[in-house]
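Data first, discussion second: the structure below is written as structure tokens.
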Amino acid sequence: MPLLRSFRRHGTGPFGAQPVMQDWPGLIEAYRAWLPVSDATPVVTLREGATPLIPAPSIAERIGRGVRVFLKYDGLNPTGSFKDRGMTMAISKAKEAGSEAVICASTGNTSAAAAAYARRGGMRAFVLIPDGYVAQGKLAQALLYGAEVLAVQGNFDRALTIVREVADRYPVTLVNSLNPFRLQGQKTAAFEVVDALGEAPDWLCIPVGNAGNISAYWMGFREYRQAGRSWKLPRMMGFQAAGAAPLVLGHTVEQPDTIATAIRIGNPVNKENALKARAESNGDFMAVTDAEIIEAYKLLGAGEGVFCEPASAASVAGLLKRREEVPSGATVVCVLTGNGLKDPTTAIEHNDAKFHAGIEPDTATVAKVMGF
Ligand code: AN7
């Protein structure tokens, strides 16, 4: 097993040379040469990126045959999702262009990231969310970060149509993944995976909603290989929730429905790029049911100690569904796009924990409940 490369250097503290974490500058500075920025770009950053690639032995054991599984835990970004990668770029470029306000439609994570980065950049943030279908943590973030929140009575796809029209007509910058700078920032996740492994993985398993992230990863893997940083390319394996699987079905889903509200999307805007990624990488798209998503979500938590949100667990649910097809000895990376704390409601409703309520406050009772 090759060692994972880490971002360490030797510092000289009062006790002599010791390993310390390098001060990570954020992904724009770290990957500046690969991004469309210049000295004139005011970098708006919260030091996003450099997220860990965590080995997942419990999942690997379920596959066997020497397959190695890693989790790219992008839930450890500043606002708790991979959207920060795209937003540091989109907001920096909006600021460079003199924009004073940004707008997005969102199932939650984009709105949290847009709000945080826009406010940090001194801009107004307008976010349209599907009323009643955004996880609690994400709504809390948009509010706390100071966004102007418009809860619309319709799904994400409808909200996106509206923000596109508003951005066309009024002086406000669209920061959904139609904004090309978003995918530029997000491609750095693929760079980090290759930098950590020393090579591209054989399979990249990823949840797919609006299909921006799968498109960005594919761009990143291709650019790195072209530059000689890796010699292979992964198969891009995209997983959608069964009730919101337009790319699997081959047509728009009018009423998308899934417990994984982040990917409750029926008409992905990056469809063409995603289809290209699938074709060029010999990849595949597949649907996973809500039950399969929840099973993977619980396995990640209790089996690996990694808390992700339900949409993110679709990548692991998909890998387990297709485990027979993983070549022996292959390296697989599953992208965990968002932090589990985003959606406490789902965690509290779906777990296998033993929860004993109303315990008398005395030692004997506690010991007895514990089984002693
Ligand atoms: C945790 O925030 O679309 O396929 O508006 O939040 O690039 O859309 C979120 C998407 C996966 C799907 N995992 O990524 C939004 C939004 C999580 C997400 C996806 C999302 P894309």
Could you figure out which of (1) closer than 13 Å to F156 by Cβ; (2) in contact with a Pro (Cβ under 6 Å, 6 or more places away or on another chain); (3) not in a helix (DSSP H, G or I) isn't true of I259?
(1)
Among residues of the range 79-113, those that are within 15 Å of L183 (Cβ to Cβ), within 9 Å of the ligand (Cβ to nearest atom) and either touching a Cys at 6+ places or on another chain (Cβ under 8 Å) or aliphatic (A, V, I, L, M) (or both), counted
2
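Hey, does the range 218-227 have a residue that's under 28 Å from P327 (Cα atoms), assigned to a helix (DSSP H, G or I), of a type in the set (A, V, I, L, M) and in contact with a Phe, Trp or Tyr (Cβ under 7 Å, 6 or more places away or on another chain)?
So in the range 218-227, the residues under 28 Å from P327 (Cα atoms) come out as 218-227.
Restricting the remaining residues to those that are assigned to a helix (DSSP H, G or I) gives 218-226.
Narrowing the set further to residues that are of a type in the set (A, V, I, L, M) leaves 219.
Those still in the list that are in contact with a Phe, Trp or Tyr (Cβ under 7 Å, 6 or more places away or on another chain) too: none.
No, there is no match, as no residue in the range 218-227 is under 28 Å from P327 (Cα atoms), assigned to a helix (DSSP H, G or I), of a type in the set (A, V, I, L, M) and in contact with a Phe, Trp or Tyr (Cβ under 7 Å, 6 or more places away or on another chain).
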Have a look at S58, S99 and point out the one that is under 27 Å from P36 (Cβ atoms) and either small (G, A, S) or without any contact (Cβ under 8 Å) to a residue 40 or more places away in the chain (or both).
S99
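Just checking, does the range 210-223 include any residue being of a type in the set (A, V, I, L, M), over 15 Å from the mean Cα position of the chain (by Cα) and away from the ligand (no atom under 14 Å from the Cβ)? It would help to see each step written out before you state the result.
Residues of the range 210-223 of a type in the set (A, V, I, L, M): 211, 214, 216, 219.
With the extra rule that they be over 15 Å from the mean Cα position of the chain (by Cα), the set shrinks to 219.
Filter once more, so that each one left must be away from the ligand (no atom under 14 Å from the Cβ): none.
Scanning the range 210-223, I find no residue that is of a type in the set (A, V, I, L, M), over 15 Å from the mean Cα position of the chain (by Cα) and away from the ligand (no atom under 14 Å from the Cβ), so the answer is no.
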If the requirement is being of a type outside the set (V, I, T) and outside any helix (DSSP H, G or I), which of these qualifies: L204, L183, L139?
L204
I'd like the full set of residues that are away from the ligand (no atom under 15 Å from the Cβ) and either part of a loop (DSSP other than H, G, I, E, B) or modelled with pLDDT under 95 (or both), limited to the range 330-349.
A330
Exactly one of these conditions fails for I103: (1) over 24 Å from G154 (Cβ atoms); (2) β-branched (V, I, T); (3) touching a Phe, Trp or Tyr at 6+ places or on another chain (Cβ under 7 Å). Give me its number.
(1)
For the range 128-148, how many residues are in contact with a helix residue (DSSP H, G or I) (Cβ under 6 Å, 6 or more places away or on another chain), closer than 17 Å to P78 by Cβ and not charged (D, E, K, R)?
6
Could you list, in sequence order, all residues of the range 135-157 that are touching a residue at least 24 places away in the same chain (Cβ under 8 Å) and over 21 Å from R119 (Cα atoms)?
A135, V152, G154, N155, F156, D157
If only one of T79, T110 is surrounded by 24 or more Cβ atoms within 10 Å (Cβ to Cβ), of a type in the set (S, T, Y), outside any loop (DSSP other than H, G, I, E, B) and in contact (Cβ under 8 Å) with a residue 24 or more places away in the chain, which one is it?
T110
Taking only pairs six or more apart or across chains, which ones have beta-carbon atoms under 6 Å, a first residue in the range 291-305 that is over 14 Å from A347 (Cβ atoms), and a second residue that is assigned to a helix (DSSP H, G or I) and at pLDDT 95 or above?
E292/A317; G303/S58; E304/S58
The range 130-179, residues that are among the hydrophobic types (A, V, I, L, M, F, W, C), within 12 Å of the ligand (Cβ to nearest atom) and over 20 Å from the mean Cα position of the chain (by Cα):
A159, V163
Of the candidates A279, A313, A302, A291, the one satisfying the condition of being within 13 Å of the ligand (Cβ to nearest atom), in a helix (DSSP H, G or I) and modelled with pLDDT of 95 or more is A313
Go through V43, V20, V37, V67 for me and flag whichever is surrounded by fewer than 24 Cβ atoms within 10 Å (Cβ to Cβ), of a type in the set (V, I, T) and modelled with pLDDT under 95.
V20
Against the definition (part of a loop (DSSP other than H, G, I, E, B) and surrounded by fewer than 24 Cβ atoms within 10 Å (Cβ to Cβ)), how does P327 come out, yes or no?
yes
Subset of the range 279-293 (residues that are crowded, with 20+ Cβ neighbours inside 10 Å and more than 11 Å from G318 (Cα to Cα)):
S281, G283
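The values are calculated or read from the model by the stated rules, or taken from the named source; none is laboratory data. A quick note: this is a predicted structure, and the numbers were derived from the prediction, not measured. Virtual Cβ from ideal backbone geometry, glycine too; neighbours counted across all protein chains shown.
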